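Below is one structure, written out as structure tokens; comments come after it.
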Amino acid sequence: MKSKNQVVTDKYCLYLGDCCQVLPQLPDESVAFSVFSPPFCSLYAYSDDPVDMGNSRTYEEFFEHFCFLVKELQRLLLPGRIVAVHCMDLPTHKNSGEEIGLRDFPGDIIRCFQKESFIY
């Protein structure tokens, strides 16, 4: 498995690695609960790796990558189980061609999950 480190017990499994590389290797309906904080669309630089979801060039490109993750979570979650996502509204900036304000990042995440049949 493409994880940098992992802990597997009879009660839980923890994987340290890129979700886009690790999740496809897990079996269908094998996850009971998922909790994570997605990259905040270029708000922070998490790495210099070009495949890092947080290094997307645009907001739209980020969601193209993020929706891949959501599709994998739909496949992996046991029926009726929960995903908890930590996120926040994101600032918009004049220097990126936008008005100064806030972007509804949580709402866009919810809509991405709903497209894959998750219930909010």
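Considering segment 63-78, the residues that are in contact with a strand residue (DSSP E or B) (Cβ under 7 Å, 6 or more places away or on another chain) and part of a helix (DSSP H, G or I) include one that is farthest from Ser30 (Cα to Cα), namely Leu73. Of all residues in segment 82-94, at least one satisfies being in a loop (DSSP other than H, G, I, E, B) and modelled with pLDDT under 85. Sub-9 Å Cβ pairs linking a first residue in segment 93-119 that is of a type in the set (D, E, K, R) to a second residue that is open to solvent by 90 Å² or more (accessible area, probe 1.4 Å) and part of a helix (DSSP H, G or I), at least 6 apart or interchain, are Glu116/Lys71, ordered by first then second residue.
The single condition from (1) among the aliphatic types (A, V, I, L, M); (2) closer than 12 Å to Cys41 by Cβ; (3) assigned to a loop (DSSP other than H, G, I, E, B) that Ile119 fails is (2). Looking only at residues of segment 1-56 that are more than 20 Å from Val70 (Cα to Cα) and open to solvent by less than 80 Å² (accessible area, probe 1.4 Å), we find that the one that is modelled with the lowest pLDDT is Leu43.
When segment 64-86 is filtered for residues that are closer than 23 Å to Val51 by Cβ, open to solvent by 40 Å² or more (accessible area, probe 1.4 Å), in contact (Cβ under 8 Å) with a residue 40 or more places away in the chain and not polar (S, T, N, Q), the ones remaining, listed by number, are His65, Phe68, Lys71, Arg75, Val85, His86.
The values are calculated or read from the model by the stated rules, or taken from the named source; none is laboratory data. Only a predicted model underlies this, so the values are computations on that prediction, with no experimental measurement involved. Glycine also receives a Cβ, built like all others from the backbone with ideal geometry; neighbour counts cover every protein chain displayed. The accessibility values were calculated without ligands, DNA or RNA, using every heavy atom of the protein model including side chains. Shrake-Rupley method; radii C 1.70, N 1.55, O 1.52, S 1.80 Å.
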